[in-house]
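What follows is a set of notes on a single structure, which appears directly below.
Where a number appears in this text, it was derived from the coordinates with a stated rule and is not lab data. Computed from a predicted model, the values in this text were never measured in an experiment. For neighbour counting, all protein chains shown are included, and Cβ atoms are generated from backbone atoms with ideal geometry for every residue, glycine included.
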Amino acid sequence: MLGLIALHVPIGIAMALAGVVGFYALTGNPGAAIAMLGSETAGAIASPELVIIPMFLLMGAFAGTSGLAGDLYRLSNALIGHRPGGLAMATVAGCGGFGAACGSSIATTATMARIALPEMEKRGYSQTLGAGCIAAGGTLGSLIPPSSIMLIYAFLTEQFVVDLFLAGILPGILTILIYFVAIHLVVRRSPSVGPAGDRASWAEAGRVALSTWGIVLIIAIMTVGLYGGIFTVTEAAAAGLIVTVVFAYARGKMTLGELRRTITETAHSVGMLYIILIGAHIFSNFIALTQMPSALVDAIVALGLPPLAVIFVLAAMYIALGAIFDSIAAMVITLPFVFPLVTEGLGYDPIWWGIVMIVVIEIGMITPPIGINVFVMHGVRRDIPLNVIFRGILPFFGADLVRLVLIILFPIIALWLPMTM
């Protein structure tokens, strides 16, 4: 599998090929291996749980098209933009809000780079702080529910996705607050990198708040409907998508060309995700047949390491993987080995581990030498050198490590809402 990936074969196809060939090698039955390929493909395409993914991706795309993401950013700016570093804080808050409607770190980074960075440059912010806070804030798209990576984790590990959504809320809020602290410390040390803006009057802030009712309504419909027991997850996704499309049409953004472009781009992303999921399931079947996960659990348990030490070793591994692979690939490649180790071998809660895994993969998304969010940021703004963006994410990288340690040492941060709801 790793050899095929090194040859630039798409990850999903590499996993499927390795799984089918490995399954045949162990069973000696080519018919069973081919049948597994067919059944897993048909099962994924027919899965009612996975239909949520294209709906969330479409909703995020239409939210960006309709300007709803810009509304949320302007509200954050009106409330805290007058403080030193306030525009960067508003950008992080905007990333969190758009992530709640979009569910994708890459889409959040790309969207906020187009909306927020020109405003920060116009007000004298350094490109280092501006690009850094967007690349780091973009990772909130994976953590704040609804999140596509949470949906995939729930599907692959057979966990209740609503529990995962609940578990991500407090860590998401914690991330925003820790990023605010990081921005405050950076600006306190070098005031010129994030000068204070003009204070918005209460009347102006009120007008901006009224203009954001669209994105607030969408988030409220999904949140209240889902956690209030009115909607299933699929119905919540459908409701959010319908309202987002209505807003895009009402604002005159839904031209035929824009509709075609949005659907084509989403179909491309959905196809890629389905191929990865199908390949992951085939590869997982092969790995289960080898009994490697149970052997790995036994070997690590036999070392006598404290469970917490194993968790920190795994966290370091995922940070490294996140710097090389995208978040979904890093997760699906390792889940067949790691999930049994953490839940069965060490006895940790699978919902908590899902949040920890997402957090550490997020950190990897801004970690050199690759850091996919940094490259997305650079792709939107080619004029900003990569070293400037990487220098800008350093304070947020430190904040992320603090957040990770807190969530590992205090699992209640992730588990309190699932236990009380």
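Overview of results
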{"item": "Inter-label distance for E121 and L26, nm, one decimal - labels placed 7 Å from Cα along Cα-to-Cβ", "result": "5.3"}
{"item": "Virtual spin-label span in nm between V246 and T290, 7 Å along Cα→Cβ", "result": "5.1"}
{"item": "Folded to 0 to 90 degrees: helix 30-46 orientation relative to the chain principal axis, Cα", "result": "30"}
{"item": "Most to least packed among 351-364, 270-283, 144-157, 251-264 [average Cβ atoms within 10 Å]", "result": "351-364, 144-157, 270-283, 251-264"}
{"item": "Centre separation in Å (Cα based) which lies between region 214-230 and region 1-48", "result": "38"}
{"item": "Mean separation of Cα contacts under 8 Å (6+ apart) over length of the chain, as relative contact order %", "result": "25"}
{"item": "Set of region 32-67 residues, backbone N closer than 13 Å to the point 7 Å along the Cα-Cβ line of T232", "result": "47-52"}
{"item": "Between helix 148-157 and the chain: long-axis angle, C-alpha atoms, 0 to 90°, nearest 10", "result": "20"}
{"item": "Net charge contributed by nearby residues that have their C-beta within less than 12 Å of R207 (K/R +1, D/E -1)", "result": "-1"}
{"item": "Compactness of region 208-312 - radius of gyration and Dmax, Cα, Å", "result": "22.5, 63"}
{"item": "Charge dipole of the chain about the Cα centre (unit charges at C-beta), most positive-ward option of G371, I115, M317", "result": "I115"}
{"item": "Rounded, prolate or oblate (a/c below 1.5 giving rounded, otherwise prolate when a/b exceeds b/c) for region 74-195 by Cα gyration tensor", "result": "prolate"}
{"item": "For Q127, net neighbour charge (Lys/Arg +1, Asp/Glu -1) across residues whose Cβ lies under 11 Å away", "result": "0"}
{"item": "For the chain, calculated [θ]222 nm from helices alone, where every DSSP H run of n ≥ 4 adds -39500 (n - 2.57)", "result": "-26000 deg cm²/dmol"}
{"item": "Calculated on alpha-carbon atoms, Rg and Dmax of region 286-421 in Å", "result": "16.7, 52"}
{"item": "Folded to 0 to 90 degrees: helix 213-227 orientation relative to the chain principal axis, Cα", "result": "40"}
{"item": "Cβ-placed point charges (K, R +1; D, E -1), dipole of region 48-420 about Cα centre in debye, nearest 20", "result": "1300"}
{"item": "Relative contact order of region 29-139, pairs being alpha-carbon contacts under 8 Å that are 6 or more residues apart, as %", "result": "25"}
{"item": "Cut-off 11 Å between beta-carbons: net charge of the residues surrounding A63, Lys and Arg +1, Asp and Glu -1", "result": "0"}
